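What follows is calculated from the coordinates using simple rules that are stated; it is not laboratory data. Here the structure is a predicted model, which means the values were calculated and not measured. FYI the Cβ positions are ideal-geometry reconstructions off the backbone, even for glycines, and counts take in every protein chain you see.
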Amino acid sequence: MQFPNFVPEYFLKMKEKLAINEAKLKLEYYCSYQERCHQEVVQKSYDLGMNSNEIDEIVVHLLQNNFLNEERFARSFARGKHRVKSWGKIRIINELKQRQISAPNIKLALTEISEEEYQDTLNNLAERHWNSLTERKGQKKNKKFCDYLLRRGWESNLVYEKLKEFEKLT
């Protein structure tokens, strides 16, 4: 079938709509190989061509069969982002809020990070970054150091304490 030149390319790439049972199977697999939040599942459902009534049915099915669990997602997300990417609590909270995770689940997620582990990660990250900066001393080095840690979601009081600690050593 030949399409006229004025048809946008994304219409040509649209897939045929899946049956709801096929979509459930695809989304079960989607949720089983990695923890997902509700927002990701809804977006994936729309991508599969489902309408809002079908999406509601699919989400209920996934929740009942424990493929989708907001608390489990939040805990896994917090653990992973802290251990793998060395994010601080502020960044983790903001990212979870962006994914529309409820406040009680965010609070539970942060319990996955022990205070000792949190301090160790901050110490290692701060020391590694401080030593990697090419500036010798001064405001420029201090600013780069603080900006880096603040961008990664570490609390400002902890960042400034670390800065004072490293300034005393040099």
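Annotations
- Subtracting the Cα-Cα distance of GLU57 and LYS144 from 0.36 nm times their residue separation leaves 26.4 nm of extension gain.
- Remark: region 50-57, residue by residue, has Karplus-estimated 3J(HN,Hα) of 7, 9, 5, 5, 5, 4, 4, 4 Hz, where x stands for each Gly or Pro and the curve is 6.51 cos²θ - 1.76 cosθ + 1.60 at θ = phi - 60°.
- Separation of alpha-carbon centers, region 135-151 and region 15-63, rounded to whole Å: 45 Å
- Chymotrypsin sites (Phe, Trp or Tyr not before Pro) within region 27-63: DSSP coil, no more than 10 neighbouring Cβ in 10 Å: TYR33
- Set against the labelled values (1) 39, 20, 14; (2) 44, 22, 11; (3) 33, 19, 13, semi-axes √(5λ) of the Cα gyration tensor in Å computed from this structure falls on (2).
- With at most 16 other Cβ atoms within 10 Å, longest stretch of the chain clear of loop GluC sites (Glu not before Pro) (DSSP): 17-134
- Using alpha-carbon coordinates, inclination of helix 115-132 to the longest axis of the chain, degrees: 70 degrees
- Region 49-136: C-alpha gyration tensor shape, a/c 1.5 cut-off, then a/b vs b/c: prolate
- CD proxy at 222 nm, helix term only [per DSSP H run n ≥ 4: -39500 (n - 2.57); per residue of the chain; nearest 500]: -21500 deg cm²/dmol
- As a length-normalised measure over Cα pairs under 8 Å and 6 or more apart, the relative contact order of the chain settles at 19 percent.
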